[in-house]
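For reference, the structure is listed below as structure tokens.
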Amino acid sequence: MERNRTNRRQFIKQTAFALAVPTIISSTAFGKGGVPAPSERVNLGFIGAGVRGGQLLKGTLYNKGAQVVAVSDCFESKRQNALGIIKDIYTKEGREADVNARAYADFREMLAREDIDGVVIATTDHWHVPLSMYAIGAGKDVYVEKPLGVSVDYGFKLRKLVQDKGAVLQYGTQQRSNQYFRIACELARNEYIGKLESIDAWCPSLGYGPGPAVQWPASTPATTPPADIDYERWTGPAPMTGYSDTRVSTNGSYHIYDYALGFIAGWGAHPLDIAQWGNGTDETAPILYEGTGKVNEGTMFDTVGIWDINCKYANGVKMHFMDQGTAMPVVKKYHPDPRDHGTTFHGSDGWVCVSRLGVHYSDEKLRRIKLKDSDVHLYKSKDHISNFVDCIKSRKKPISPIEAAVQSDLISHLSNAAVRLKRPIKWDPKTEKVTSDAKAVDKVVNRKLRKPWKV
């Protein structure tokens, strides 16, 4: 059995640099309950076992074509919790023989395992690109959570590595694997709302809600890290600062600028990704960014909390990218029941708006449209992790490839820069360079890594 496993892994590596036919699993290779034989499963490791990592882990454990064999996290408690989840679900699914995952404090030990085919990365944002590059360098395919990272140049380097190595990289913009979003984008791409003219994209922001404004901490005294965490490794390539529970909390990792851009990227990645998909601009980005916003100065959570950015594409389409509070008065003018997030495509003959709760139309006739064979039919995926697993086997591109990830992530970065610099920013998609105030913008969108970490 181990010989078969080794041969399959050699096959995957050999075909990573060229197109190959999908791996076919014969009916005799399946075990009890339709679970493929161990030699035919994709072995996965998880880096990051917090809130999002735990959600992805639970979903993956029900995938019969994959087996989770390793987990790594800087928190000992999270590692042990993940092992418990693996044991519980595999036992429930009648896969007791697969309860053999190991936990690693250091992700590098996990990546050294030759039996691991791919890794799922769900860490703090500042680790996303470095870990992806380390994993691909170790011969693994990657599922990486959004946003892509805290530095534009890291994303470009990752794209080149993925392309050079022929690796599979699935970006965690899972809305693409939801039929609501595909339907809305196909209506826009095929001009069933007329010629596309503009897009509204919005998402939750820091502290916005129906109640009183959230009082974010101004500062938290540094304390000794508890034994549960390897704080040096958690900080990794980010600037080293004194430990505090707030700093390593979920809100801290989302909204402290050392580790993230805030929800302008962490949540904004979703509506922006759909805007790009529906506009047919996965391999480019807007050429102009201008608007206003507010940085949460004087607090630990020093990311952009409010933003109102107008973008323009080379194809003439305009995009209005907003936080939830800014968006509501805009969206309510045409939408009967807007949500805290969404993407609206406005055409010359109508509009279509999509969120995770469904699709709204300017005219209900749009709901009954059936695509013609000659229309643009977008990539279909029912589950983001399953699509990743399938692509590891087939070597096909996943539904959210690195090329799309880099461009939608770029929009967040340049929007963040426009707010912080309080000036319009011009971008050349062909050269992938800023053409206005390049030095000032570069200081905002690119960062140096703390030694010894590098990309």
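Quick look at the numbers
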quantity: Region 276-384: GluC sites (Glu not before Pro) falling in loop per DSSP and having at most 10 other Cβ within 10 Å; calculated: Glu297
quantity: For the chain, share of DSSP beta bridges that run antiparallel, in % to the nearest 5; calculated: 55 percent
quantity: Region 33-112: GluC sites (Glu not before Pro) falling in loop per DSSP and having at most 15 other Cβ within 10 Å; calculated: Glu93
quantity: Reachable aspartates and glutamates, given that their alpha-carbon falls under 19 Å from the alpha-carbon of Lys396 and they are not under 8 places away in the same chain; calculated: Glu40, Asp117, Asp141, Asp164, Asp282, Glu283, Asp383
quantity: The chain: calculated mean residue ellipticity at 222 nm from DSSP helix runs of at least 4, using -39500 (n - 2.57); calculated: -10000 deg cm²/dmol
quantity: Calculated FRET value between Lys433 and Thr91, using beta carbons and R₀ = 41 Å, to 0.05; calculated: 0.15
quantity: Region 343-364-region 35-89 distance, computed between alpha-carbon centres (Å); calculated: 37 Å
quantity: Local electrostatic count, Leu288, Cβ distance below 12 Å [Lys/Arg +1, Asp/Glu -1]; calculated: +2
quantity: Full-extension gain in nm, Glu197 to Asp349, via 0.36 nm per residue minus C-alpha separation; calculated: 53.7 nm
quantity: Those chymotrypsin sites (Phe, Trp or Tyr not before Pro) in region 245-342 that DSSP places in a loop and that have at most 15 other beta carbons within 10 Å; calculated: Tyr334
quantity: Listed pairs Lys58/Lys92; Lys165/Lys397; Lys195/Lys372; Lys87/Lys140; Lys318/Lys397 exceeding 21 Å between Cα atoms; calculated: Lys87/Lys140; Lys318/Lys397
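Since every read-out is calculated from the coordinates, none of them should be taken as a lab result. Note that the structure is a prediction, hence the values are computed from the model and not measured. As a convention, Cβ positions derive from the backbone with ideal geometry for all residues, glycine included, and neighbour counts pool all protein chains shown.
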